[in-house]
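The block underneath contains the structure these notes are about, expressed in structure tokens.
The values are calculated or read from the model by the stated rules, or taken from the named source; none is laboratory data. In this text the structure is predicted, and so the values were computed from the model without any measurement. A quick note on method: Cβ atoms are made from the backbone with ideal geometry, for glycine too, and the neighbour counts reach across all protein chains shown. Only protein heavy atoms, including side chains, enter the accessible area calculation; ligands, DNA and RNA are left aside. Shrake-Rupley method; radii C 1.70, N 1.55, O 1.52, S 1.80 Å.
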Amino acid sequence: MNAIADFSAADKQPASPETPACEFVHVVKRFGAVTVLRDISIVVPHGEKLALIGPSGSGKSTLLRTLMTLEPIDGGEIKVSGETLSHGSWSHERQRSDNAAARAKRRRIGMVFQQFNLFPHMTAVENVAVAPRKVLGLSHRDASERAHRYVEMVGLGGKAAELPARLSGGQQQRVAIARSLAMEPEIMLFDEVTSALDPELVGEVLGVLRKLAEESTLTMLLVTHQMEFARSFADRVAFLWQGQLHEVGEAKAIFDEPREERTRQFLRAVLEAR
Ligand SMILES: Nc1ncnc2c1ncn2[C@@H]1O[C@H](COP(=O)(O)OP(=O)(O)OP(=O)(O)O)[C@@H](O)[C@H]1O
Ligand SMILES: [Mg+2]
């Protein structure tokens with residue numbers, strides 16, 4: 001059995017298969033006087049691969065960051081496996097609170113960013129092992145074993161003992177993906193994870209994401225400007241425009257027959273820019 005099949009069989013089954021992995025209910029997010037998420041509502045079932053697309057500044061990163069509780073919300077509610085993660089009526093302090101219950105809910109979610117920020121003085125496998133050891137309390141041996149499994153999964157078994165400086169950008173980003181996966185979250189968020197990479201390194205990272213999407217039961221939310229990838233990766237695609245979920249549908253429907261004029265304009269502009 002390969003590592004990803006092994007991973008997908010992990011004992012991470014949701015309490016009830018009908019409970020969505022996460023849910024945005026009329027979510028509003030403001031920065032000062034500016035509203036950047038307007039009444040966002042979407043239900044993401046367990047195992048769904050959802051791509052978020054839309055123009056720069058439309059709120060894609062902010063949406064992921066609210067789900068990661070990196071940003072408090074100002075209205076509505078975000079639920080994870082049926083439990084309230086953030087509520088607009090809670091103070092920002094409460095939404096950021098770091099008690100055991102909040103940490104346990106947050107641990108269900110992992111995020112990979114454009115910038116991978118590995119610890120430069122640690123090898124690839126040490127970068128992956130550190131959080132399982134420090135946050136989950138695994139022994140050195142168990143954390144290391146787990147880290148090796150995930151480094152292997154992203155195709156870097158041969159590079160486990162290298163320091164980040166000796167890895168290419170694409171390899172470093174794959175280590176960053178392994179680092180998030182090693183926390184064994186139920187939901188993984190990817191925010192333009194290939195946009196800091198040289199073009200020739202993009203493919204290897206997309207390959208890892210595609211493999212994860214095809215072979216694991218992880219719920220994945222992914223922001224991308226690469227439409228062909230979104231199309232092949234996603235079950236559904238959500239088009240954000242000025243902080244609103246302007247159109248959500250099956251990937252094929254959004255790309256082949258978008259219903260909304262704004263979606264059509266955006267796709268046309270993106271395709272023409274290539
Ligand atoms: N920390 C912040 N403080 C103030 N405004 C912010 C902050 N973060 C984001 N914004 C604003 O919120 C809006 C949405 O930004 P966001 O980064 O979510 O867009 P995006 O869709 O991810 O864009 P891009 O495709 O360029 O990454 C933008 O108008 C942005 O300027
Ligand atoms: Mg962004």
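Below, the figures for the structure above:
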{"quantity": "The stretch 213-225, subset open to solvent by 60 Å² or more (accessible area, probe 1.4 Å) and in a loop (DSSP other than H, G, I, E, B), residue nearest to ligand 2 (Cβ to nearest atom)", "calculated": "HIS225"}
{"quantity": "Among (1) out of contact with any strand residue (DSSP E or B) (no Cβ under 9 Å at 6 or more places or on another chain); (2) within 16 Å of ligand 1 (Cβ to nearest atom) - the single one GLU18 does not satisfy", "calculated": "(2)"}
{"quantity": "Some residue of the stretch 190-212 being away from ligand 2 (no atom under 16 Å from the Cβ), within 21 Å of VAL43 (Cα to Cα) and either surrounded by fewer than 18 Cβ atoms within 10 Å (Cβ to Cβ) or among the small types (Gly, Ala, Ser) (or both)", "calculated": "no"}
{"quantity": "Among the candidates LEU37, LEU52, residue that is closer than 30 Å to GLU215 by Cα and either of a type outside the set (Asp, Glu) or in a strand (DSSP E or B) (or both)", "calculated": "LEU52"}
{"quantity": "Residues located in the stretch 60-74, provided they are part of a helix (DSSP H, G or I) and either among the charged types (D, E, K, R) or away from ligand 2 (no atom under 12 Å from the Cβ) (or both)", "calculated": "LYS60, ARG65, THR66, LEU67"}
{"quantity": "Selection status of ALA230, within 16 Å of ligand 1 (Cβ to nearest atom), touching a residue at least 12 places away in the same chain (Cβ under 8 Å), more than 21 Å from LYS49 (Cβ to Cβ) and not β-branched (Val, Ile, Thr)", "calculated": "no"}
{"quantity": "Test: THR62 is more than 9 Å from ligand 1 (Cβ to nearest atom), within 30 Å of GLU214 (Cβ to Cβ), in contact with a strand residue (DSSP E or B) (Cβ under 8 Å, 6 or more places away or on another chain) and open to solvent by 10 Å² or more (accessible area, probe 1.4 Å)", "calculated": "no"}
